[in-house]
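What follows is a set of notes on a single structure, which appears directly below.
The values are calculated or read from the model by the stated rules, or taken from the named source; none is laboratory data. The structure displayed is predicted, hence computed values, not measured ones. Neighbour counts are summed over all protein chains in view; Cβ atoms, including those assigned to glycine, are modelled from backbone coordinates with ideal geometry. Just the protein is used for accessible areas: all its heavy atoms, side chains included, with ligands, DNA and RNA removed. Shrake-Rupley method; radii C 1.70, N 1.55, O 1.52, S 1.80 Å.
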Amino acid sequence: MRVVIAEDSVLLREGLTRLLTDRGHEVVAGVGDGEALIKTITELDAQGSLPDVVVADVRMPPTHTDEGVRAAVQLRKAHPGLGVLVLSQYVEERYATELLAGSSRGVGYLLKDRVAEVREFVDAVVRVAQGGTALDPEVVAQLLGRSRKQDVLAGLTPREREVLGLMAEGRTNSAIARQLVVSDGAVEKHVSNIFLKLGLSQSDGDHRRVLAVLTYLNS
Amino acid sequence: MTERQPSSHRATRAAGAAPYDEEEPLPPARFAYDRHTWKEILHLLLNLPVSLFGFTYVVTLLSVGAGLTVTVVGFPLLALGLMGARQLGKLERRRARRLLGVRVDEPSPLRLRGSRNGFFPQLWLLLKDPVGWRTVLYEFIRLPWGILTFTVTLASLFVLWPVLPFLARGMANLDRAMVRGLLSPSDDLERRIAELESDRGVVVDTAAADLRRIERDLHDGAQARLVNLAMGLGLAKEKLLEDPEYAAAMVEEAHGEVKLALQELRDLARGIHPAVLTDRGLDAALSSVASRCTVPVKVTVDLDERPAAAIEGIAYFTVSELLQNVSKHSMARSASVDVWRANDRLLLQVWDDGRGGARLDGGTGMQGLAERLGAVDGLFVIDSPEGGPTTVTAELPWRDRVPERG
Amino acid sequence: MAMEYGQGYGLDVPERHRLPAGLRAPFEARHWRELIYVLIGLPISIVLFTYSVTMVSLGAGLLVTFLGIPVMAAGLAGCRGFGALERARARGLLDLEVADPEPLRIRKQGFLAWMGAVLKSGASWRALLYSVLHLPWATFSFTVAVTFWSIGWGLLTYPLWFWLFPLYGGQDGMQLYGDETHSVYLDNAFEITVTALVGLLFTLATPWIVRALTTVDRLLVHGLLGPSRLATRVVELESDRGVVVDTAAADLRRIERDLHDGAQARLVALAMDLGLAKEKLAEDPQAAARMVDEAHGEVKIALQELRDLARGIHPAVLTDRGLDAALSSVASRCTVPVEVQVDLDERPVPAIEGIAYFTVSELLQNISKHSRATWAAVDVWRVENRLMLQVVDNGVGGADTTAGSGLAGLTERLDAVDGILVVDSPVGGPTRITAELPWRTV
């Protein structure tokens, strides 16, 4: 897997590079701000060697505001095949909504804390690179809390709510089963129950399922 | 009530001058005729023609205007006359500025194009203009005085010339008093309100900016370091049993990292508000700042009690920024900090024997300090000739400490 | 002001009197104090008037010779002194609290500076105006009060006089009317009763008339001897600025304490764990693994804490995207579903935005904690040069701004920047809290 990292803290950039290299991935480039990121990707694209995934920080120079989110949105529009994982010290559902606008294919938004769990973090990067979704549990909690469908959500069992959250994070049924230490079949049952209660039609493909759930929560 | 209430804009302007008076102090009167004396004499001689004109003007104005008030035309006439009187006052202020060295702020112009439009409100505004009326009063009492000064000065020029400098100084002082008393602005309160409103704005804005800065520092400093640390530990945890060598290196690194993170947090916390200041007050806190300065600093804090927490904080940050400047720019070999109280003011003085030349607009944060102090009715005065030494004096209003809630 | 006037009307006395207020009034201490006020008002105002008019006209006459200025200043200073006396008299006899006017603003030591300050002070001239205006009014009210009072008591006690001095003036009773041809004397029982009744009416009416008279005095004292509107505003702003400075300093101390007690403490523990792990790595890998594991948990919590702290200091999304995004984010953290509606064309200055954000976020916290609401809404909009915030919930209500509550602190903070907080929260709900902030743009 080929990765481009955009992160203004040299320390973290090197840390991430080491971590990903250690897991056998190739870090093609490391940049320090949003403009450089877009430039690098454009150049790589011109050479015909677009990376699989971009890992970008939110707050970068020169404005130190939401550089990363804006660059990510722009990249997603320009290169639909490119996976974009946004990392940040804080997560905001507003940014999640902007990143997910239109499609949840190959997009991720995680707290920086998540790098502490190395395996899960690398899994998330791979998932995004392969066109999946990786949303931070905090974002999902915010989306659930903000949703206007509170009465419907209240009708879910605690376990179903848990599964719904994990679904929204972008996990596959087998990943959910691993996480909750239950069988795949049990997860499938929960999932179909949830879809029934929310009035959604079962869709195949994990990322389309994520989108359905998120759209439901956001409407 | 003898409280001084210097305005903030004056405070920032006062760099290099004596602390409390923006006018240059006059040299003492001497037997020899110097530039000041000649100016004073000129002023006293001019008094006659000027006051003759002024007197005629206001007497005509008053008698015609007042006389015609029975008919309606009197009021607009009077209003016009008062506008004219304002102009006379302006000329007189200029003359006093040139010849007597008196600096009186210009009164605020009448806001005729304000919200209250219409002929009669404007007329009323003009008629009750206190500046105009005080100028009328000024011109009215000036004629006898003008005659007196003219005669005495002219006569003394021929007869009493050795003592004329003293006489002139005495009479000119009375002139100064009259200008200050009658031609100064009359909207002190309005100005004070405007100043306080802007002060409050400055305080609110700097407080908000402080918070944003702290958040930024946390984000870029400790938080980033901890993320890296967490990553390292995550790796170490996985490899601990399979690759102990690698894990050991990771743990070693994480250990170094956590110490750095702690250091950063400590510095940040100190920059926010040092704990020792809360616990022990200025003396201990300033000694601690001084010990981190590259130049040996002698700290003397002479306070019987502690001021209000906010004032203490401002005093601390002022001194600590000044000492930073000393470290960075002054090339000094020694410095001293003095803190004491005079009545209802807290005074800070930072002295160094460096190369001097510090200025408010020198881009060393002095401007910001002066603004921050000005916003709480403080004063900031720099005395720093080229070649040094530099003395920076800051003054803050003293407020007593109230026990903190909670 | 209305409240000041309302004090002591008997409205705030909870116990019930046997007599109705109308009959009681002539004997109440309050009435007597007011009467004394009116009676001594006349001599005082005569002295005051004579003094001030003499001094000021003397001063004005002497102005041409300069001597007038000190005379005038002395006259005005005297008026100020009398003003203080009058305020004390009103305080003692009318229960009227009027604050001292703005003090003289003397810039330098010395007589000249003092003179200038006296002459320039608006309060001096208002005191002069009072001393001039008060004489005619004092004369009038003295006459009216004395007339009513003496007629009232005189006629009311007429039966007594009739009985004590039956042959006063050689006639039976008081002569009501008389000329050469015939006269009317009040001498039979009916006439005596009617006279006494008229006296009673006058006596009962006197307290109300005296009260009406002193109302004008109150207005005069309040309007001319109190601090001017501008001076009050100066005092208010000075205190505002103090509050703002203090809260800013307190904020910083709180952040420092949070850092110290939270992240810093946790990092120390972490450093210790790691130090131990380092030692044990070679000899006891199992124990070392446990230590590293602990440290790993520790660092995750530290990060969480720092993130919460940073959000409490200033949420990044507020700086980046403004109120709409930041408030949606707060709302999504609230335990109650919250509808957020921000209707702004542009962004206010960061300071105002910050205050607005923290106000709403504190109100939403209150809703989570105390209201037991199932629904809430936040509205933000702009009206001319004010930024309006409104937070509504359908909870139990009963929120108030009494001292010590979180709302009191919020009110104080808003007040310090010329903001307003209005709480409408009947017991049983719903609660509607509206805040107003001055709008400023960069």
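Between the residues B:Gly387, B:Met366, B:Pro107, the greatest Cα displacement towards the positive end of the dipole of chain B, with unit charges on the Cβ of Lys, Arg, Asp and Glu, is found for B:Pro107.
Beyond 20 Å, the tail of the calculated P(r) for the stretch B:194-272 holds 52 percent of the Cα pairs.
Contact residues in the stretch B:225-246 by the 40 Å² criterion (accessible area, 1.4 Å probe, full protein complex versus chain alone): B:Leu226, B:Val227, B:Asn228, B:Ala230, B:Met231, B:Leu233, B:Leu235, B:Lys237, B:Glu238, B:Leu240, B:Leu241. Under a 5 Å amide H cut-off, with hydrogens placed 1.01 Å from N, A:Gly30 pairs with A:Ile5 among residues at least 5 apart or on other chains. Cross-link partners of B:Lys90 among aspartates and glutamates, defined as those whose alpha carbon lies under 14 angstrom from its own and excluding same-chain residues fewer than eight positions apart: B:Asp105, B:Glu106, B:Glu139.
Heavy atoms of the protein chains alone define the surface here; on that basis the protein assembly as shown has 47 Å² accessible area per residue at 1.4 Å probe size. Along the axis of the charge dipole computed for the stretch C:233-313 (Cβ charges of +1 for Lys and Arg, -1 for Asp and Glu, origin at the Cα centre), the listed residues C:Gln304, C:Leu274, C:Ala263 are led at the positive end by C:Gln304.
Taking the charge dipole of the protein assembly as shown about its Cα centre, with +1 at Lys and Arg Cβ atoms and -1 at Asp and Glu Cβ atoms, the residue from B:Ile214, C:Ser368, C:Phe142 reaching farthest to the positive side is C:Phe142. When only the Cβ of Lys, Arg, Asp and Glu is charged (+1, +1, -1, -1), the dipole of the protein assembly as shown relative to its Cα centre reaches about 2920 debye. Element breakdown for the protein assembly as shown at a 1.4 angstrom probe: carbon and sulfur atoms account for 60% of the accessible area.
Accessible-area rank, largest first, for B:Thr300, C:Thr402, C:Thr206: C:Thr402, B:Thr300, C:Thr206, with all protein chains present and a 1.4 angstrom probe. Pairs exceeding a 24 Å alpha-carbon distance, out of B:Lys259/B:Lys328; A:Lys112/C:Lys369; A:Lys112/B:Lys239; B:Lys237/B:Lys259; A:Lys149/C:Lys300; B:Lys237/C:Lys280: B:Lys259/B:Lys328; A:Lys112/C:Lys369; A:Lys149/C:Lys300.
Listed by chain and number, the aspartates and glutamates whose C-alpha is less than 17 Å from the C-alpha of C:Lys278, apart from same-chain residues fewer than 8 away, are B:Glu238, B:Glu242, B:Asp243, B:Glu245, B:Glu252, B:Glu253, B:Glu257, C:Asp293, C:Glu294, C:Glu298.
Chain B packed on chain A takes about 1800 Å² of accessible surface away from a 1.4 Å probe, both sides summed.
In this simple spin-label approximation, C:Thr193 and C:Thr65 carry label points 7 Å from Cα along the Cα→Cβ vector, and these lie 7.4 nm apart. Taken residue by residue and averaged, Cβ atoms of other chains lying within 10 Å of the Cβ of B:182-194 number 4. For the protein assembly as shown, the alpha-carbon radius of gyration amounts to 1.29 times the rule-of-thumb value 2.2 N^0.38 Å expected for a compact globular protein. When you restrict to C-alpha pairs under 8 Å that are six or more residues apart and normalise by the size of the stretch B:27-186, the relative contact order lands at 42 percent.
The C-alpha atoms of chain C define a longest principal axis, and helix C:111-120 lies at about 80 degrees to it.
Please give the calculated 222 nm ellipticity per residue for chain A, where each DSSP H segment of at least 4 residues contributes -39500 (n - 2.57) and the sum is spread over every residue; nearest 500 deg cm²/dmol? Mind showing how you got there, number by number?
Working: 11 runs with 121 residues, N = 219.
Roughly -16500 deg cm²/dmol at 222 nm, from the helical runs in chain A.
Between chain B and chain C, roughly 6700 Å² of accessible surface gets buried, counting both sides and using a 1.4 Å probe.
Summary value for chain A: 15 percent relative contact order, contacts being C-alpha pairs under 8 angstrom separated by 6+ residues. Rounded to the nearest Hz, the phi-derived 3J(HN,Hα) couplings of the stretch C:285-293 under the Karplus curve 6.51 cos²θ - 1.76 cosθ + 1.60 (θ = phi - 60°) are x, 4, 4, 4, 4, 5, 4, 4, 4, where x marks glycine and proline. Counting charges near B:Asp283 (Lys, Arg +1; Asp, Glu -1) among other residues having Cβ under 14 Å from its Cβ returns a value of -2.
3J(HN,Hα) couplings calculated from phi for the stretch C:312-323 with the Karplus curve 6.51 cos²θ - 1.76 cosθ + 1.60 (θ = phi - 60°) are, in sequence order, x, 6, 6, x, 4, 5, 5, 4, 6, 10, x, 4 Hz; Gly and Pro show x. Report, in degrees rounded to the nearest 10, the 0 to 90 angle that the Cα long axis of helix C:68-94 makes with the longest principal axis of chain C. Value to nearest ten degrees: 90. Averaged over peptide C:252-264, the number of partner chain Cβ atoms lying within 10 Å of each residue's Cβ comes to 6.
Our helix-only sum for chain C, with -39,500 (n - 2.57) per DSSP H run of n ≥ 4 divided by its residues, gives a mean residue ellipticity at 222 nm of -21500 deg cm²/dmol.
Residues in the stretch B:364-375 carry Karplus couplings, in order, of 10, x, 5, 4, x, 4, 4, 5, 4, 5, x, 5 Hz; the curve used is 6.51 cos²θ - 1.76 cosθ + 1.60 with θ = phi - 60°, and Gly or Pro positions show x. Taking 0.692 mPa s as the viscosity and 37 °C as the temperature, the Stokes-Einstein diffusion coefficient of the stretch B:267-406 based on its alpha-carbon Kirkwood radius rounds to 217 µm²/s. Placing a label point 7 Å from the Cα of C:Glu236 along the Cα-to-Cβ line, the residues of the stretch C:407-426 whose backbone N sits under 20 Å from it are C:408-423. In chain B, helices alone account for a calculated mean residue ellipticity at 222 nm of -20000 deg cm²/dmol, with every DSSP H run of four or more residues adding -39,500 (n - 2.57).
Let me check I've understood the local charge: for B:Phe55, count other residues with C-beta under 15 angstrom from its C-beta, Lys and Arg +1, Asp and Glu -1. What total comes out?
Working: positive: B:Arg142; negative: B:Glu92, B:Glu139.
After counting each charged neighbour, the total is -1.
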